[in-house]
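Heads up, the thing below is written out as C-alpha cells.
All of the numbers you see were taken from the coordinates with simple rules; none came from a lab. Values in this document were obtained by computation on a predicted structure and should not be read as measured data. Neighbour counts are summed over all protein chains in view; Cβ atoms, including those assigned to glycine, are modelled from backbone coordinates with ideal geometry.
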Amino acid sequence: MPRFFTSAVQFDEAASVGSAVIDGEDGRHIARSLRMHTGDALTLSDGAGTDYTGEIESITGDTVMVRLTDKFKNRSEPTLRVTLYPGMPKADKLELITQKAVELGVTKIVPVLTSRSVSRPDAKSVSKKQERLQRIALEAAKQSGRGIIPEIGKMTDLESALKTAPGKKILFYEGGGEALGALVSPDEAEVSVFIGPEGGFDAAEVQLAKQYGAAPATLGPRILRTETAPLAALSVFMYITGNMQ
C-alpha cells in the first residue's frame, strides 16, 4: 500500500474517522505517477509516530483529499533512539549511509568534519548536501514504513558533536575497544554513534572522545569501510535491543 507523510491530518477519535490533505510533490506523485483514483487505499503518517489508513476521496489537480478510517501507533519505529555521527566521507558515500541507516532505524544523522576527512565542502555545498540528504531520508522513511522522518543535522566539528551528543556515546575505533554487547543493554533507550571517515579517527580524537565520556568500541578484527561500519553497528544495536524481531 502506498505510504506518505503529511501533517495536514484531522481525526475524530470518537467516530474513528478523519480526513487529510496531500499536496505538493506527493500530490503530483499520487495523481500523475501512480495514477491513483478515488477509492484507492493508502497509508499516511503524521511524522510523529502515528499512522492512518484511508482511501482517496477526491483528486483535484495535485491536491488529494483522503478519508481516514483508522488510527494507530506506527509499528516500525524502534524503541532505541540512535543519533549517528559519520565522519565526512568522500563522494556520495554519505547518501548511501543516510538511505540505509534510515531503513535500519536511525533517529538523526549529523555529519562530522574530522582531521582525516578528505571531503571538506564549503558552506554552500554543505547546505545543498543537507537538503539532498533530507530528501533521501524522506524517501527511505516512506519505503521502510517509518513513523518519523529522521533529521539530517548540519555538519559540525567533532568536539561540538561530542559536547551535545545525547545518550550513551560510542566511538568506533580500529585501534580496538569494547564489544557492543558489553556497552549496550537490551533496555538501552538512546545512543550516539561516532564513525570515522576513510582514514578513521586519529589518536588525539579518540582521547578527546574519552574526555567527553565516549567509549571506544570495536566491530571485530576486520577493518570495515566508512560506509559499512555504521550499518553494521546499527544492525547490532537493533538486534541487542530486540528491534530486529
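Loop sites by DSSP among the trypsin sites (Lys or Arg not before Pro) of the chain, restricted to those with at most 13 other Cβ atoms within 10 angstrom, leave 155-221 as the longest stretch without any of them.
In the chain, the longest principal axis of the Cα atoms and the axis of helix 229-240 are about 70 degrees apart. Semi-axis lengths, largest first, of the ellipsoid equivalent to the chain are 38, 20, 14 Å, with √(5λ) applied to each eigenvalue of the Cα gyration tensor. Dividing the summed -39500 (n - 2.57) terms of all DSSP H runs of n ≥ 4 by the residue count of the chain sets its mean residue ellipticity at 222 nm at -8500 deg cm²/dmol.
For the pairs K108/K163; K90/K169; K90/K124; K100/K128; K71/K154, flag any whose C-alpha to C-alpha distance is greater than 28 Å. K71/K154, as the Cα separations exceed 28 Å there.
Centroid-to-centroid, using Cα positions, the range 1-44 and the range 163-216 are 41 Å apart. Bridgeable aspartates and glutamates around K93 (alpha carbons under 16 Å apart, same-chain partners fewer than 8 residues away excluded): E103, E131, E198, E227. The GluC sites (Glu not before Pro) of the range 1-91 that meet both conditions, a loop assignment by DSSP and at most 10 other Cβ atoms within 10 Å of the site Cβ, are E13.
Based on C-alpha pairs under 8 angstrom that are at least 6 apart in sequence, the range 1-102 has a relative contact order of 25 percent.
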